[in-house]
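The values are calculated or read from the model by the stated rules, or taken from the named source; none is laboratory data. None of the values given here were measured: they were computed from a predicted structure. Positions of Cβ are generated from backbone atoms using ideal geometry, with glycine treated the same way; all protein chains shown enter the neighbour counts. Quick note on the areas: whole protein, heavy atoms, side chains included, nothing else; ligands and nucleic acids left out. Shrake-Rupley method; radii C 1.70, N 1.55, O 1.52, S 1.80 Å.
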Amino acid sequence: MKSKQTNEPFEIGGNIIKPGEAKVIELLAGELYTHTPITIPVSVISGKNRGPKLFVSGVIHGDEINGVEIIRRLLSHKSLTKLRGTLVAVPVVNVHGFLSHNRYLPDRRDLNRSFPGNEHGSVASRLARLFSEEIVDKCTHGIDLHTASGHRFNLPQVRACLDNDETAKLARAFGAPVILNSNLRDGSLRQSVTESGKPFLLYEAGEVLRFDEFSIRLGVAGILSVMRILGMLKGRPYKSKFNTFIANSGTWVRAPHSGILRTDCQLGGYVTRGDRLGRISGPMGEDEVTVKSPVDGIIISNIRLPLVNKGDALFHIARSSGSGDDQDDFSFVEGWDPDEIYPQFH
Ligand SMILES: [Zn+2]
């Protein structure tokens, strides 16, 4: 029996990528109202030998740009010359939003609430259908890259449905400080792929319209680790620097009052119920109220704009599954120098 089978050709948008070839395809997604064609750039690297077909996507939300830089560094990694299987990298899915620095599509719909999509539906629904047919249906595994929204910053975290054994294995291999185990029914790409039974990870890190070096390096290392576990690349996964905290739920802490927020907790910090997370007052310090944690857990997202309205989401706290992965071992430190942990990947 042959130990290595030849890879099969990969077809996308009428283009064929043969085993051993690498091509950038401009996938036609429609036209602007100027009649200018609008295309989604897709990089396909087809290894000579057969293996998993992994898609890595970014900018489903048009202003979440960290993933673009993660994919750029991934594509320049020298180990891809010996790839087994097929890598399909889509750095900018929501091209409309990317051009206008906007989360949504021109019809103000959320692409990540429009999957699996409909070719006769809204702008968002049609784009979701195109992505589902041309990318998702042709791949065996997926990783989608996001950041926080709305002036918030996310601790690097993987969100996945850990009921799927292979997804759970890949989620751990990614090496992020937190895994949020959840199974949403929200029209997201994640729901659509997860329901098809394909292993899928969502990586959330950083903030909109900025590159965050730590989040980018962890993202590149995480994807390379997943590809190594899948046998697409040689070598062992990067050894995680964190004792990963597995959370089964998250709680949003909202502003109890409008005003100006001073934050008293750190991203990645462990808090217990009743701990002070911040204080909100008027511009001269008047009418101060304390924001307290309603639960025990890790701060996985915090607001960076201190001007808040009553009801604004300020902090997201991941709550432990209470099984083994103990918060006492949790070791993430905000402001950690990425040079101490990851290669630059350039
Ligand atoms: Zn997003």
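Some notes on this structure:
- Residue count for region 10-42 under the criterion of being more than 20 Å from Gly231 (Cβ to Cβ) and open to solvent by 20 Å² or more (accessible area, probe 1.4 Å): the result is 22.
- Answer from Gly47, Gly58, Gly20 - the residue that is modelled with pLDDT of 95 or more and within 16 Å of the ligand (Cβ to nearest atom): Gly58
- Residues of region 43-64 satisfying the condition of being open to solvent by 30 Å² or more (accessible area, probe 1.4 Å) and more than 27 Å from Lys18 (Cβ to Cβ): none
- In region 175-189, the residues that are among the polar types (S, T, N, Q), open to solvent by 10 Å² or more (accessible area, probe 1.4 Å) and under 30 Å from Ser122 (Cα atoms): Ser182, Asn183
- Matching residues in region 264-280 - criterion: being touching a residue at least 40 places away in the same chain (Cβ under 8 Å), open to solvent by 60 Å² or more (accessible area, probe 1.4 Å) and more than 11 Å from Ile317 (Cα to Cα): Gln266
- Being of a type in the set (Phe, Trp, Tyr) and either touching a His at 6+ places or on another chain (Cβ under 9 Å) or within 15 Å of the ligand (Cβ to nearest atom) (or both) is a property that Phe174 lacks.
- Lone unmet requirement of (1) surrounded by 14 or more Cβ atoms within 10 Å (Cβ to Cβ); (2) modelled with pLDDT of 95 or more; (3) more than 25 Å from Ile135 (Cα to Cα) for Pro283: (1)
- Matching residues, region 152-161, being under 12 Å from Leu202 (Cα atoms) and open to solvent by less than 40 Å² (accessible area, probe 1.4 Å): Pro156, Gln157, Val158, Ala160, Cys161
- Extreme residue, nearest to Leu145 (Cα to Cα), among residues of region 213-239 that are of a type in the set (Gly, Ala, Ser) and open to solvent by less than 40 Å² (accessible area, probe 1.4 Å): Gly219
- Subset of region 83-96 (residues that are open to solvent by 70 Å² or more (accessible area, probe 1.4 Å) and within 15 Å of the ligand (Cβ to nearest atom)): none
- When residues of region 115-151 are limited to those that are within 13 Å of the ligand (Cβ to nearest atom) and among the polar types (S, T, N, Q), the one most open to solvent (accessible area, probe 1.4 Å): Ser149
Conditions tested, residue by residue: (1) in a loop (DSSP other than H, G, I, E, B); (2) within 16 Å of the ligand (Cβ to nearest atom); (3) modelled with pLDDT of 95 or more.
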residue: Gly30; (1), (2), (3): no, no, no
residue: Ser43; (1), (2), (3): no, no, yes
residue: Gly62; (1), (2), (3): yes, yes, yes
residue: Arg73; (1), (2), (3): no, no, yes
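- Boolean, Gly67 is under 26 Å from Asn181 (Cβ atoms), buried (at least 18 other Cβ atoms within 10 Å of the Cβ), touching a helix residue (DSSP H, G or I) at 6+ places or on another chain (Cβ under 6 Å) and small (Gly, Ala, Ser): no
- Those strands (runs of 3 or more DSSP E) lying entirely in region 135-252 with at least 2 residues more than 27 Å from Pro294 (Cβ to Cβ): 141-146, 200-206
- Residue list for region 97-114, restricted to those being open to solvent by less than 70 Å² (accessible area, probe 1.4 Å) and within 15 Å of the ligand (Cβ to nearest atom): Gly97, Asn102, Arg103, Leu105, Asp110, Leu111, Asn112, Ser114
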